[in-house]
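Take a look at the structure set out below.
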Amino acid sequence: MRRFFTIVFLCFFQLCLAQNFYEIKWKDDSGIQYTALIEFFEKENIKVRVKYTTTSGEYKVAKYKCIGRYHYNEDGTKYFVFDGKDAEMVYSSKNSTTGYSADNFVFKNINANNNFEKLYTYDDNDMMDGKLDNVRDASFKKLDPSKDFTSAYINSYYWKNEPEYTTYTSLVTNTTTTVNTSNTGSSSSSGEKFYRLKFRNKCIKPIKVLIRYLDFNNKWVSKGWWTIDTNKTVYVEDSPNSIFYYYAKTTDGKLVWSDNDNMRDYKGTKYGFRKLEKSNQDYGSWISNITCTNQTNSQTTTTQTTSTSTTNTRDVKVHLVMVADTNDPKIGASVRRDLDDVTNLFQKASREIGVKYSINKLYGNTFDKSSIISKINSLGIKSNDVVIFYYSGHGYNDTRSYNRFPNMSLDGTDLGLESIHKYIKSKGARLNITVGDLCNSIPRSRNSTSRSAEIPFKSGFLFDEDKLKRLFLYSKGSLISTSSSKGEWSFCMTNANGSMGNGHFTNAFINSFAKEASKVNNNNGSWKTLFSRAYQDAKNSTRYQRNQNGKYGQSGFNYNTITYN
């Protein structure tokens, strides 16, 4: 069974994902304007850069990290604090040696919708008496990197030789094409008829790229510049036309890729664009590698050849079979959240790497064994496909059984999680992953449990294409996962206002997936690491809940045979 676990979502968005950016502004008593760029990755690792100009005209930038924690007033009301630690100066226009006291951000006044209405800031010097009497009003907004980030904006916080500068400026091009989702029991495919051009920098230096392409208004336009670090891939543009033109150079200007295929002006300068052409039958993602065959000395600018290659994803299809007990009177709303959020996750991941996908939802009147088997049989699974089976609902096990994996409690005849995993594997797909968010206990009625709490900032998907490809395209084998060990329940999350949240494991899984495939970290795209992190996060968030076996928290596990090319 899935059990209730009441949790307060003190947030501005409902889904807790892996990383996002926020901007916070405030003024001190002397009128100095402070602006902070927040990279929210997780509450134990909140990165902050603050820029400001002093009354004497000195421009300064400081950095520090925050840890998110709850605190309580004397009357018992709760507030959330981003506690800043270990600040240091990054830049001073006048080479000042004055230090910086880390800021703390206070979220107060939670409303009926579980949102904080007030944000304040103070530094450690303001709180010498241990009270929150010296806080200052602050405002904040969520940033969209693809729209709000520019090279100049990032450079106002980071030196250009810092890795964050390259990473964050690359997010400017991180846009996603929208397609319609599927209905119950049906499939949808990413069969958009356009070409998505991406560049991969195989040179030993960072490069900048300018392109000409035909837009969807049937107009040829020039667009740039995209900065691409070594061994990074950047999505550039979509076009209904299979021909693109590009001009590229290293950021130091010593290497240039150009030609006379298309001489055009761009912002007052004439460039010789080089032609790229793809088969007009091969829609979807198209990656061109830019390589250097040799280096030039500092006095010479040399035109190098470009090696162009296409990543073929036409023969890969990701099949998601999502089964959810949405009709259950107690946990139906929670598993409905799981249904929507897991579907959204795999849709976005599939679109990002340009593969076809099918979304197959089984819930309501199709929440039964025969519908599951029928749907799997109808998928037309091929040898290079990926099959994801995800179950959210009630489950149980029997202490007399030797099977560590639970049974799915379906309408009518039940079905073992391991049994459906073996059946899916028999269809011959390259990669098979079966996931269950369900109890692994002897059935019994559920008791009410205490509340926990979440954090005020939430985050979003900033996928790294190469990491996603390692997960989906360069892997083979199988994995079966359950959210709790034998003799344990799996817990649901419930908001303070009574509305249901995700299952704890599903919430942790989505978080961990987004982290593993994120542009803003050094993870390499590993299913093993992804699931291990999800189990630990779910365990931590349920650590005060006594389980059926007498232990605290839920402890998921898996059996994994996945290998990588």
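May I ask you to say which residue of Leu462, Leu479 is at pLDDT 85 or above, touching a strand residue (DSSP E or B) at 6+ places or on another chain (Cβ under 6 Å) and not small (Gly, Ala, Ser)?
Working: Leu462 fails: at pLDDT 85 or above.
Only one candidate qualifies: Leu479.
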Completion exercise
Okay, strands (runs of 3 or more DSSP E) sitting entirely in segment 74-137 with 2 or more residues that are touching a helix residue (DSSP H, G or I) at 6+ places or on another chain (Cβ under 7 Å), over 21 Å from Lys63 (Cα atoms) and at pLDDT 85 or above, I get none
Fill in the blank from the handout: Contact list, first residue from segment 48-67 and of a type outside the set (A, V, I, L, M), second anywhere and part of a loop (DSSP other than H, G, I, E, B) and buried (at least 17 other Cβ atoms within 10 Å of the Cβ), beta-carbon distance below 8 Å, six or more apart or interchain, is Arg49/Tyr157; Arg49/Tyr158; Lys51/Tyr157; Lys60/Tyr100; Tyr64/Tyr100; Tyr64/Ala102; Cys66/Ala102
Completion exercise
The lone condition Ser358 fails out of (1) more than 28 Å from Ser475 (Cβ to Cβ); (2) touching a strand residue (DSSP E or B) at 6+ places or on another chain (Cβ under 8 Å) is (1)
Handout entry: Test set (1) of a type in the set (Gly, Ala, Ser); (2) touching a strand residue (DSSP E or B) at 6+ places or on another chain (Cβ under 7 Å); (3) under 22 Å from Lys469 (Cβ atoms) - Ser383 fails condition number
Key = (2)
Practice task
Please find, within segment 203-216, the residue that is modelled with the lowest pLDDT out of those that are surrounded by fewer than 19 Cβ atoms within 10 Å (Cβ to Cβ) and part of a loop (DSSP other than H, G, I, E, B).
Solution key: Phe216
Completion exercise
Listed by first then second residue, the pairs whose first member lies in segment 410-427 and is part of a helix (DSSP H, G or I), whose partner is aromatic (Phe, Trp, Tyr), with beta carbons under 7 Å and at least 6 positions apart or on separate chains, are Leu417/Tyr391; Leu417/Phe405; Glu418/Phe405; Ile420/Phe389; Ile424/Phe389
Problem - Filter result for the condition that a residue is in a strand (DSSP E or B), assigned by TED's automatic domain parsing to the domain that holds Asp466 and crowded, with 20+ Cβ neighbours inside 10 Å, over Ile372, Ile359 - result: Ile359
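The values are calculated or read from the model by the stated rules, or taken from the named source; none is laboratory data. Everything quoted here is computed from the prediction, not taken from an experiment. Glycine also receives a Cβ, built like all others from the backbone with ideal geometry; neighbour counts cover every protein chain displayed.
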